[in-house]
Each structure stands twice: as C-alpha cells, then as structure tokens.
Amino acid sequence: RMQMDYDAGNKAAKPNIRSYNVLIGCWAKSNSPDAPREAVKLLDTIIAKYKSADLDEGPNVVTYSSVMTAYAKQGDVVGAQKVFDRMQMDYYAGNKAAKPDIQSYSILVDCWAKSNHKDSSRGAQKLLDTMIDKHKSRDLDGSPDAVTYNSVMSAYAKQGDVVGAQKVLDRMQMDYDAGNKAAKPTIRSYSVLID
C-alpha cells in the first residue's frame, strides 16, 4: 500500500530501509512456512531498489539479521548461513551498514544449536570461536554473552557430548573471570550439563 501511494505521487510515502525492515521483521516473527522465502524476496527488492537509486539506503545489519531469524525460526541453518554469508560479502564490498554484529552471530549460533544438523555443535563452536577472535581483534563490538555460550553448550548436549559442553562452560567461566560480565554462567548454563 505504501509503495502504491508513493507510485501514485505521494512522495511522503516513499518506503525506506526502516519500513522494509519492519516488514521483514513481521515475516521473521510469523509462523508462516513462507516466511524465509518472503523475507529473502524483500531483501532482494531492497538491493535492486538501492542499486537503481529508488531507495536511499541498502540493506543493513538489521535487515540481514531479520532475514536470518526467518530461517532460524524454521530451523533452516543452511538458509540462515547463506544470508549471513551474503551479509558478510555485502559488508566486504563496502556496505559498512551490513557489518555483522553480536546479534547476527548469536542468531546463527542459536540456529545451529537448535538444528538437527549432524555438525550442529561444530558449527556453533566455530561461530563462538570466530566471535571471540573478532572481539579480541576489535573487529566485533561486544563479546559473546551467556545466551550465546548456553546455545553452544546446548548443541553439544543435544548430541550427547557432555565433554564438549563442559569445555564451553569452562571457557565461559574463563571469559567471565577475564572481565566479560555478560558471560557470567547462569542456572541455564549448569542445567544444560545436568539435563
């Protein structure tokens, strides 16, 4: 409707990145099996409109993270990973607004953890390692929090790998002791090992 109003001459109704992000966010929160496909169509529309100068801004980290969430909600780790990879390529191509952040990494970690993929714990662990390395090199603002660590632990626990989960808990405690207050182990952290 907004686009139709704009096309009809109402220049104040021109969609912007925020309006597209809201729409993608709605798809991401829906339970529709079409949500990932619809979210990607909107992402592609944003990119096409930006390239043709019909949109003032290109996709940003919120855009990509919302599309990833649509895939994550469906348990589609491959789809979420592809969107994450697109975001990274867009960032490296010069779109500074598409720089992956803690939230985008955490969405992907959680998606790996909840997936039934045979390499879910390895995928989640690899992302956690990347987050820590990027934070140390100051290429990522923020550091993994308890939710992220718990997701990785859950991936190991889901596969029956108590040793792997314990190693993540030990690393979490070390991170907390080193000053990352967001990595303080929670009751959930310990219950992952008990369950």
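The values are calculated or read from the model by the stated rules, or taken from the named source; none is laboratory data. It should be emphasised that the depicted structure is a prediction, and the values quoted were computed from it without experimental measurement. Methodologically, a virtual Cβ is constructed for each residue, glycine included, from the backbone with ideal geometry; neighbour enumeration extends over all protein chains shown. Each accessible area value is taken on the protein alone, full model and side chains, heavy atoms only, with ligands, DNA and RNA left out. Shrake-Rupley method; radii C 1.70, N 1.55, O 1.52, S 1.80 Å.
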Which whole-Hz couplings ³J(HN,Hα) result when phi for each residue of the range 65-78 is put into the Karplus expression 6.51 cos²θ - 1.76 cosθ + 1.60, θ = phi - 60°, listed in order with x for Gly and Pro?
5, 5, 5, 4, 4, 4, 5, 4, 5, 8, x, 9, 5, 5
By how many nm would the segment from Lys29 to Tyr50 grow when fully extended, if each residue of separation counts as 0.36 nm and the alpha-carbon distance is taken off?
5.1 nm
Is there a pair in Lys41/Lys73; Lys136/Lys184; Lys29/Lys134; Lys29/Lys181 whose C-alpha atoms are over 26 Å apart, and which pairs would that be?
Lys29/Lys134; Lys29/Lys181
Within the chain, helix-based [θ] at 222 nm, where runs of 4 or more DSSP H residues each add -39,500 (n - 2.57), nearest 500:
-21500 deg cm²/dmol
Long-range HN-HN contacts of Leu140 with modeled amide H, under 5 Å:
His135
Accessible area per residue of the range 1-143 at 1.4 Å probe, in Å²?
54
Reciprocal mean inverse distance between Cα atoms of the chain - Kirkwood radius, Å
17.8
Given Cβ point charges of +1 (Lys, Arg) and -1 (Asp, Glu) and nothing else, what value in debye, to the nearest 20, does the dipole of the chain about its Cα centre take?
80
Around Arg171, under 14 Å between beta carbons, what's the net of Lys plus Arg minus Asp minus Glu among the other residues?
-2
Determine the distance separating the Cα centre of the range 94-142 from the Cα centre of the range 31-74; give it in Å without decimals.
19
Where trypsin sites (Lys or Arg not before Pro) in DSSP loops with at most 10 other Cβ within 10 Å are excluded, longest remaining stretch of the chain
2-117
Just tell me which aspartates and glutamates come within less than 14 Å, Cα to Cα, of Lys82; anything on the same chain fewer than 8 places away is out.
Asp44, Asp90
